[in-house]
Amino acid sequence: MLKVNKDGIEISHSRYLSDNSTGLIVILNLIILSHFDSFKFINDFFENKSAIEVFAIFLLFLLATSLGLIVSFLSYFFLELIYICLEWIWWKFNFPLFPIQFKQKFYYLVETHDIKYKNWHSKLVVFEDELLNIKVDINRFLIQRGTRILLRNISFILLVNYILFLTIEGSNQYILLISSILFLVFSSYVGFFSNVGLLLKYDLNSRSTIAL
């Protein structure tokens, strides 16, 4: 999570790792694309190892986190609305909760804390801040959030690849589109689990505080 305060911009450890991983995936994706004749300009860049190009490749690795941040912003801008719609499906049907038999508990939690889907995310922000203020460890949920952002970023990269391969006749670009959709679905799945876990953590902590 990015937070802006009087001391500057604060980036969580899990968010840094997800953005750094995204940047490295972008570089790996460029290397893979360089093996296709249709992207000869990338191929020439990686094969003709002049001093300037070697330095440029080295610089790319140094800027992996910055690349990841850019992709994270773009994936948020283009895919986050679809992600929210997918999460609404999990909310509506609670399908991810069936394997762990948590459905009734989830209904109890949202009723107890007066949560509707329209205030679901805003309430979670408040709950998270309250847990952080009393020094409750929520690193597990932050890691899950970083994972869901990474999956969304991979979905965006695959979507860009799909668009690029539309210009190539005879390519199996639809595999890229299907893979992009699947990664976005996995992202929403992980995000929903993370949010439910955070809600449960808040509820349990609130009860223990009241008991004291």
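The values are calculated or read from the model by the stated rules, or taken from the named source; none is laboratory data. Just so you know, these numbers come straight off a predicted model, no measurement behind them. Cβ placement follows ideal geometry from the backbone for every residue including glycine, while neighbour counts extend to all protein chains displayed. Ligands, DNA and RNA are stripped out before the accessible areas are found, and what is left, the full protein with its side chains, is counted by its heavy atoms. Shrake-Rupley method; radii C 1.70, N 1.55, O 1.52, S 1.80 Å.
3J(HN,Hα) along the range 20-28, derived from phi through the Karplus expression 6.51 cos²θ - 1.76 cosθ + 1.60 where θ = phi - 60°, amounts to 5, 4, 4, x, 5, 5, 4, 5, 4 Hz, with x in place of Gly and Pro. Taking amide H positions as modeled 1.01 Å from N, with prolines and chain starts lacking one, no residue 5 or more places away or on another chain lies under 5 Å from Phe36. Given a 1.4 Å probe and the protein chains as shown, Val136 ends up with an accessible area of around 30 Å². How much net charge surrounds Lys201 when only the other residues with a Cβ under 10 Å from the Cβ of Lys201 are counted, with Lys and Arg +1 and Asp and Glu -1? Overall, the nearby charge balance is -2.
Taking Lys and Arg as +1 and Asp and Glu as -1, the other residues whose beta-carbon sits under 14 Å from that of Trp91 total +3.
Net charge of the neighbourhood of Tyr117, taken over other residues with C-beta under 12 Å away and scored Lys/Arg +1, Asp/Glu -1, is +3.
How big, in percent, is the set of alpha carbon pairs in the range 118-212 lying more than 19 Å apart? When every Cα pair of the range 118-212 is considered, 54 percent fall beyond 19 Å.
Measuring with a 1.4 angstrom probe and ignoring ligands and nucleic acids, His121 comes out at about 70 Å² accessible.
What the phi angles of the range 149-164 give under the Karplus curve with 6.51, -1.76 and 1.60, with θ = phi - 60°, is a coupling list of 5, 4, 5, 5, 5, 4, 4, 5, 4, 5, 5, 4, 4, 4, 5, 4 Hz, glycine and proline written as x.
Each label point was placed 7 Å from the Cα along the Cα-to-Cβ direction; for Arg207 and Ile89 their separation is 3.2 nm.
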